[in-house]
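All of the numbers you see were taken from the coordinates with simple rules; none came from a lab. Values in this document were obtained by computation on a predicted structure and should not be read as measured data. Heads up, the Cβs are rebuilt from the backbone with ideal geometry, glycines too, and the neighbour counts pull from every protein chain shown.
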Amino acid sequence: MDFINILYAVGILGALAVVFGLVLAIAAKVFEVKVDERLPKIQECLAGANCGGCGYPGCAGCAEAILAGKAPVTACAPAGPENAAKIAAIMGMEAPSGEKMVAHVLCNGGTNAKKNFEYRGVTDCLAATKVCGGNVLDCKYGCLGFGSCVAACQFDAIHIGPNGAAVVDKEACTNCGACREACPRHLIVEVPYSKKVHVNCSNKDKGAAAAKVCAVSCIGCGMCERTCKFDAIHVINNVAVIDYDKCKGCTMCAKACPKNAIEPIPTPEEKEKFKAAQKAAAERKAAAAKAAAEAEATKAE
Amino acid sequence: MSVTTLLAISLGAILTNNFIFAQFLGICPFLGVSKKIDTAIGMGAAVTFVMGLASAFAYGVNKILIALDLGYMQTVAFILVIAALVQFVEMFLKKFIPTLYTALGVYLPLITTNCAVLGVALLNVQNNYNFIESVVYGITGGLGFLLAIFLFAAVREQTEFSEHPKAFDGFPIALITGGLIALAFMGFSGLKVW
């Protein structure tokens with residue numbers, strides 16, 4: 001092997017490389033695609049988990065949608081309000097004042113709900129709903145507890161609770177929406193992080209039917225509606241729904257609920273206390289009404 | 001060269017000498033992007049595309065090297081050609097077919113270092129294929145890759161839900177699956193058409 005040979009090989013390959021390099025350099029100029037300089041900046045502000053909760057294919061897709069004005073600056077829930085404000089600044093928009101939202105499961109059934117049969121198939125809720133008309137639970141609306149939402153969550157924020165229904169860890173939840181997508185019964189909703197009173201049922205059957213299938217179902221009796229002093233809870237389609245704009249978090253509805261279907265679930269003592277207070281108030285009211293009637297009667301005389 | 005030769009080359013590339021299951025080339029993307037059928041097909045299509053192009057270009061470069069008495073440098077030269085080619089194709093697609101560009105996504109640059117692509121260029125030289133044979137071998141080799149990764153992804157989607165020992169979760173079960181499919185592909189080795 002001659003030394004010249006090595007130089008020759010190096011030279012030829014070097015020349016080849018230079019040619020390719022030049023072609024690529026020219027191609028880069030010819031085929032240049034202008035990228036908006038805001039795009040990488042926006043992408044930096046996103047969570048970067050590629051969770052897909054925003055509905056776009058990954059964080060890059062979301063950044064593009066925000067840039068194109070197709071998605072709001074708050075599109076990335078996991079990034080939180082600080083980053084939404086940053087994105088708004090990049091986009092030259094006003095920072096939105098949105099409240100932090102978290103996921104909430106509209107069911108606390110689990111072992112409280114009557115089971116029709118023991119399901120031993122693939123541990124996936126959608127699969128379970130395909131078996132025998134989806135009647136694993138007697139309740140057509142309840143949480144099946146096979147953990148499709150748990151598998152979907154990238155933030156370890158939702159788990160199957162001690163009684164077999166899914167429970168959201170409010171602190172870990174970023175409201176990315178993956179669990180909402182995963183739940184075949186559409187039981188998971190957005191609720192404000194700051195609120196603590198939530199309805200734990202979504203059974204839309206009439207009271208008697210709802211009561212039969214689950215021990216903690218909403219029977220649409222309207223006790224909560226009558227108890228609420230702020231007009232914040234209403235029975236709609238046979239199930240109680242909270243209006244979070246009005247709810248002050250007094251938890252009176254939860255204590256009034258005869259089926260314990262509203263969170264925070266009161267202890268028996270609390271319930272007793274509440275009942276006694278209600279009774280006393282009712283007596284006072286009756287007495288006042290009686291007194292008023294008597295006064296009226298004497299006046300008439 | 002006749003149609004029969006081309007048919008024999010195609011069948012060999014797709015079935016009997018499948019790049020993944022018989023020659024064990026391009027295993028990295030085969031394992032890496034086979035979790036979903038959609039992405040697997042995207043990767044397979046991208047590989048087919050690049051393998052076809054690379055065969056054509058490598059053929060030309062090989063001719064130049066032989067003319068210059070530098071045949072022994074083909075491996076290095078091919079790596080250079082493929083890398084440059086993929087870069088070029090990426091830029092071209094980005095400009096003119098952005099939908100395809102986004103569909104291929106990260107797979108296109110990944111192919112730069114795919115040994116199946118380098119393998120096809122080297123095998124073309126080894127087998128003394130002419131230009132048309134080279135291109136056909138490249139494209140059908142890519143189709144073989146596509147078939148393999150598609151089958152594998154389809155099985156993997158099912159194993160996601162299957163019950164298997166905890167220790168086999170993820171890659172172990174995937175590797176076993178791949179091994180079984182490779183065994184099945186050995187059945188094609190008896191196939192003779194010429």
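How about the stretch A:152-201: which of its residues are among the charged types (D, E, K, R) and in a loop (DSSP other than H, G, I, E, B)?
Listed by number, the residues that qualify are A:ASP156, A:ASP169, A:LYS170, A:GLU171, A:ARG185, A:LYS195, A:LYS196.
Residues in the stretch A:21-38: is at least one within 24 Å of A:ALA172 (Cα to Cα) and aromatic (Phe, Trp, Tyr)?
No, that holds for no residue.
I'd like to know if the stretch B:58-72 contains one or more residues that are within 27 Å of B:ILE14 (Cβ to Cβ) and either charged (D, E, K, R) or without any contact (Cβ under 8 Å) to a residue 12 or more places away in the chain (or both).
Looking for residues that are within 27 Å of B:ILE14 (Cβ to Cβ) and either charged (D, E, K, R) or without any contact (Cβ under 8 Å) to a residue 12 or more places away in the chain (or both), one finds at least one in the stretch B:58-72, hence yes.
Assuming A:SER194 fulfils every condition listed in (1) surrounded by fewer than 15 Cβ atoms within 10 Å (Cβ to Cβ); (2) touching a residue at least 40 places away in the same chain (Cβ under 8 Å); (3) within 22 Å of A:LEU137 (Cβ to Cβ); (4) among the polar types (S, T, N, Q) apart from one, which condition is it?
Every condition holds for A:SER194 apart from (3).
So which residues in the stretch A:199-218 are closer than 17 Å to A:ILE242 by Cα and either over 23 Å from the mean Cα position of the chain (by Cα) or basic (Lys, Arg) (or both)?
Result: A:LYS204, single match.
Here are some conditions: (1) over 27 Å from the mean Cα position of the chain (by Cα); (2) more than 14 Å from every other protein chain (Cβ to nearest Cβ); (3) not charged (D, E, K, R). A:VAL102 meets all but one. Which one does it not meet?
So A:VAL102 meets the others, but not (1).
Which ones in the stretch B:54-107 are part of a helix (DSSP H, G or I), more than 30 Å from A:PRO57 (Cα to Cα) and at the interface with chain A (Cβ under 10 Å from one of its Cβ atoms)?
Correct list: B:VAL61, B:ILE64, B:LEU65, B:TYR72, B:MET73, B:VAL76, B:ALA77, B:LEU80, B:VAL81.
Return a yes/no flag: does the stretch A:95-113 have any residue that is out of contact with any helix residue (DSSP H, G or I) (no Cβ under 9 Å at 6 or more places or on another chain) and without any contact (Cβ under 8 Å) to a residue 24 or more places away in the chain.
Kept after step one, since they are out of contact with any helix residue (DSSP H, G or I) (no Cβ under 9 Å at 6 or more places or on another chain), are these residues of the stretch A:95-113: A:101-102, A:104, A:106-108, A:110-112.
In the following step, the residues that additionally are without any contact (Cβ under 8 Å) to a residue 24 or more places away in the chain were identified as none.
For the stretch A:95-113, residues out of contact with any helix residue (DSSP H, G or I) (no Cβ under 9 Å at 6 or more places or on another chain) and without any contact (Cβ under 8 Å) to a residue 24 or more places away in the chain: absent.
If you scan the stretch A:1-34, which residues turn out to be among the aromatic types (Phe, Trp, Tyr) and either within 10 Å of chain B (Cβ to nearest Cβ) or in contact (Cβ under 8 Å) with a residue 12 or more places away in the chain (or both)?
Those that are among the aromatic types (Phe, Trp, Tyr) and either within 10 Å of chain B (Cβ to nearest Cβ) or in contact (Cβ under 8 Å) with a residue 12 or more places away in the chain (or both): A:TYR8, A:PHE20, A:PHE31.
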